[in-house]
Amino acid sequence: LFRSSAAVTLTRWRYRADPRNRGLDNGWRDGDWRGSVVSVPHSPNAGAHSGAAGRRAYDGSVGWYAREIQAPVDGEYALHFESAHHRAQVFVDGTLLRRHVGAYESFSARARLAAGRHTVAVRVDWRDPQRQAAEDWQRAWFDYGGLQRPVTLTRLGPSQLGALHVRTRLRSDGRARVDVSVRVRNRATARTLRLTGALT
């Protein structure tokens, strides 16, 4: 089902609106609740709104997503979110893994999972556009909340490359200097990892 470098796209989710923000107190973090089946990317209030309904839609709300995942073997896994608007909390089997604040910035939540079935729940809060603007998160439209880009699940291998940086500088003779750096994370026993690459 998985290779260490393979990612599975998690398209189908259950969605439940939480306009009174009672989900945390009611235990929704375990994901054991019924909701509408939606496809991610998803915006809960995408559609035509006007008048008072438009103002309510712009003011934002809270919503929850949940689904089951299957871990084929014991190991470390990453849930990768391409976008969650605006404040997100990610839970697996009721345990908080990650908080994130943003709009179009991707982020990951990592978990060590036993082989078998697990439940992922995501709380998304996009209320109070004035507060968001004060924190430099500007928005100009009402259908802002939700999981608006793909979500994937990846089984992590014994080593991982990340935080790639490329820096270019033009020299006075017309040639360019390109510096490339990458972070290497090792999850196995102590060893030497040699990286090779090519710029084409």
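For this structure, a couple of remarks:
- Within segment 99-118, being in contact with a His (Cβ under 9 Å, 6 or more places away or on another chain), open to solvent by 20 Å² or more (accessible area, probe 1.4 Å) and more than 15 Å from GLY145 (Cβ to Cβ) holds for SER106, SER108.
- Of all residues in segment 175-193, those that are within 21 Å of TYR77 (Cα to Cα) have Cβ atoms under 9 Å from Cβ atoms of residues that are surrounded by 11 or more Cβ atoms within 10 Å (Cβ to Cβ) and among the acidic types (Asp, Glu), 6 or more apart or on another chain, in ARG187/GLU76.
- Residue in segment 179-195 that is closer than 28 Å to VAL40 by Cβ, open to solvent by less than 30 Å² (accessible area, probe 1.4 Å) and in a strand (DSSP E or B) present: no
- Of everything in segment 84-98 that is touching a strand residue (DSSP E or B) at 6+ places or on another chain (Cβ under 7 Å) and part of a loop (DSSP other than H, G, I, E, B), the residue that is most open to solvent (accessible area, probe 1.4 Å) is ASP93.
Conditions (1) modelled with pLDDT of 95 or more; (2) touching a Cys at 6+ places or on another chain (Cβ under 7 Å); (3) more than 23 Å from ASP18 (Cα to Cα); (4) not β-branched (Val, Ile, Thr), marked per residue:
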{"position": "SER50", "(1), (2), (3), (4)": "no, no, no, yes"}
{"position": "ALA88", "(1), (2), (3), (4)": "yes, no, no, yes"}
{"position": "LEU97", "(1), (2), (3), (4)": "yes, no, no, yes"}
{"position": "HIS100", "(1), (2), (3), (4)": "yes, no, no, yes"}
{"position": "LEU113", "(1), (2), (3), (4)": "yes, no, yes, yes"}
{"position": "ARG117", "(1), (2), (3), (4)": "yes, no, yes, yes"}
{"position": "TYR144", "(1), (2), (3), (4)": "no, no, no, yes"}
{"position": "GLN148", "(1), (2), (3), (4)": "no, no, no, yes"}
{"position": "HIS165", "(1), (2), (3), (4)": "no, no, yes, yes"}
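- Among the residues making up segment 136-160, those that are over 29 Å from VAL182 (Cβ atoms), surrounded by 14 or more Cβ atoms within 10 Å (Cβ to Cβ) and of a type outside the set (Ser, Thr, Tyr) are TRP137, ARG139, PHE142, ASP143, GLY145, GLY146.
- Only a single item in (1) assigned to a strand (DSSP E or B); (2) out of contact with any strand residue (DSSP E or B) (no Cβ under 7 Å at 6 or more places or on another chain) is not met by ALA52, and it is number (1).
- Whichever residue in segment 13-38 is in contact with a strand residue (DSSP E or B) (Cβ under 6 Å, 6 or more places away or on another chain) and under 30 Å from GLN160 (Cα atoms) and, among such residues, is most open to solvent (accessible area, probe 1.4 Å): ARG29
- The residue of segment 55-79 that is surrounded by the most Cβ atoms within 10 Å (Cβ to Cβ), among those that are in contact (Cβ under 8 Å) with a residue 24 or more places away in the chain and not in a strand (DSSP E or B), is GLY60.
- Unique match (being in a helix (DSSP H, G or I) and open to solvent by less than 70 Å² (accessible area, probe 1.4 Å)) among ALA121, ALA133, ALA163: ALA133
The values are calculated or read from the model by the stated rules, or taken from the named source; none is laboratory data. Just so it is clear, the structure is predicted and the values come from calculations on it, not from any experiment. As a convention, Cβ positions derive from the backbone with ideal geometry for all residues, glycine included, and neighbour counts pool all protein chains shown. The area values use the complete protein model at the heavy-atom level, side chains included, leaving out ligands, DNA and RNA. Shrake-Rupley method; radii C 1.70, N 1.55, O 1.52, S 1.80 Å.
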